[in-house]
1. Looking at Gly209 and the list (1) in contact with a Ser or Thr (Cβ under 9 Å, 6 or more places away or on another chain); (2) surrounded by fewer than 20 Cβ atoms within 10 Å (Cβ to Cβ), which single condition is not satisfied?
2. Which residues, taken from the range 251-270, are of a type in the set (Ser, Thr, Tyr), within 34 Å of the chain's Cα centre (by Cα) and either at pLDDT below 90 or part of a loop (DSSP other than H, G, I, E, B) (or both)?
3. Filter the range 271-283 down to residues that are buried (at least 16 other Cβ atoms within 10 Å of the Cβ) and assigned to a loop (DSSP other than H, G, I, E, B) and give me whichever is farthest from the chain's Cα centre (by Cα).
4. Taking the options Asp230, Asp174, Asp218, name whichever one is more than 30 Å from Asp23 (Cα to Cα) and surrounded by fewer than 15 Cβ atoms within 10 Å (Cβ to Cβ).
5. I'm trying to understand the selection: among the residues of the range 111-123, which are surrounded by fewer than 17 Cβ atoms within 10 Å (Cβ to Cβ) and under 21 Å from Asn168 (Cα atoms)?
Amino acid sequence: MASPVISVQNVSKSYGSFRAVQDISFEVRPGEIFAMLGPNGAGKSTTMRMILDIIRPDQGQISVLGGQMTDATKDKIGYLPEERGLYRSVKLVEMMTYLGQLKGMKRPDAIQRAHELLRYLELEEHAKKKVSELSKGMQQKIQFAVTVIHRPQLIIVDEPFSGLDPVNTRVLMDLLLSLRKDGTTIVMSTHQMFQVEELCERLLMINRGKVALYGDVDEVRRRYASHAVDVEGMGDWASVPGVESVKATENGRAATLFLKDGTTSNQMLAALSQAPGVTVEKFALAVPRLNDIFIRVVEEGGAAR
């Protein structure tokens with residue numbers, strides 16, 4: 001297996017008497033989109049800033065792109081902080097070109113890449129406008145563009161879709177997927193759980209400065225699954241042997257069947273196939289959404305499981 005792009009081992013950070021991060025460890029693999037989750041104040045931003053060497057940990061080890069952070073390493077990283085900042089009085093393409101050059105690009109290459117991104121984001125007609133003349137949504141897209149203009153190996157983005165409408169959110173999501181396809185590693189912090197389910201392979205959830213969840217997104221969801229199955233079709237679900245209770249939708253075609261102790265999902269599928277008057281069109285384990293898991297973990301105090 002390839003070496004991790006980010007390795008965080010037993011890292012802690014305090015501000016005075018407040019322990020912001022407590023002995024956390026995790027890895028980010030090459031070419032994946034990795035989600036960093038947690039409620040406000042949980043320690044996500046502190047962890048990101050330690051990875052980027054903006055602040056130093058009190059203890060523990062952090063490796064990025066194969067070693068300690070250097071100026072050369074920083075040129076291989078794109079960072080979109082939650083606190084946005086652009087040169088508002090500068091023409092758009094000139095600002096993008098300048099920021100590309102700061103990351104080591106030659107001016108002609110930076111200009112070409114700026115126009116390439118502007119076309120992708122459907123902002124080419126605004127290339128000679130000042131940033132201050134753009135809408136907030138356009139500025140948000142430009143903020144993302146300057147994060148990736150130098151084709152970084154690693155991208156770290158904090159709430160990348162904040163303030164965007166669904167159409168522009170889709171545009172940036174597609175750009176992230178395109179970057180991952182090209183081998184870029186992406187770390188994403190967001191409160192939008194459906195975006196994590198769609199984009200990310202693995203996740204880390206921090207709560208109260210500690211690791212609360214860590215692993216594959218699908219595996220984490222299965223870990224919190226109820227002893228139940230989701231079905232679609234027709235019939236008297238409650239009469240099927242092994243069903244403890246039924247939670248049906250309004251139209252009655254879909255339902256969650258809570259199983260009796262000792263009844264497995266395979267046994268339930270067999271029972272449904274043999275039940276008179278029952279037609280099954282869809283059958284799956286009742287796996288909770290990440291949003292429900294997030295709320296549960298926070299309310300329970302964030303003990304890892």
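1. Unmet for Gly209, out of (1) in contact with a Ser or Thr (Cβ under 9 Å, 6 or more places away or on another chain); (2) surrounded by fewer than 20 Cβ atoms within 10 Å (Cβ to Cβ): (2).
2. Applying the first criterion (of a type in the set (Ser, Thr, Tyr)) to the range 251-270 yields 256, 263-265.
Next, only the ones that are within 34 Å of the chain's Cα centre (by Cα) stay: 256, 264-265.
Selection gives Thr264 alone.
3. So the residue we want is Ala275.
4. Values: Asp230 fails: surrounded by fewer than 15 Cβ atoms within 10 Å (Cβ to Cβ); Asp218 fails: more than 30 Å from Asp23 (Cα to Cα).
Matching residue, one of Asp230, Asp174, Asp218: Asp174.
5. Taking the range 111-123 and keeping what is surrounded by fewer than 17 Cβ atoms within 10 Å (Cβ to Cβ), we get 112, 115-116, 119-120, 122.
Within the range 111-123, His115, Glu116, Arg119, Tyr120, Glu122 qualify.
The values are calculated or read from the model by the stated rules, or taken from the named source; none is laboratory data. The shown structure was predicted, so the numbers you read here are calculated from the model rather than taken from an experiment. Here the Cβ is made from the backbone with ideal geometry for all residues, glycine too, and neighbour counts use every protein chain on show.
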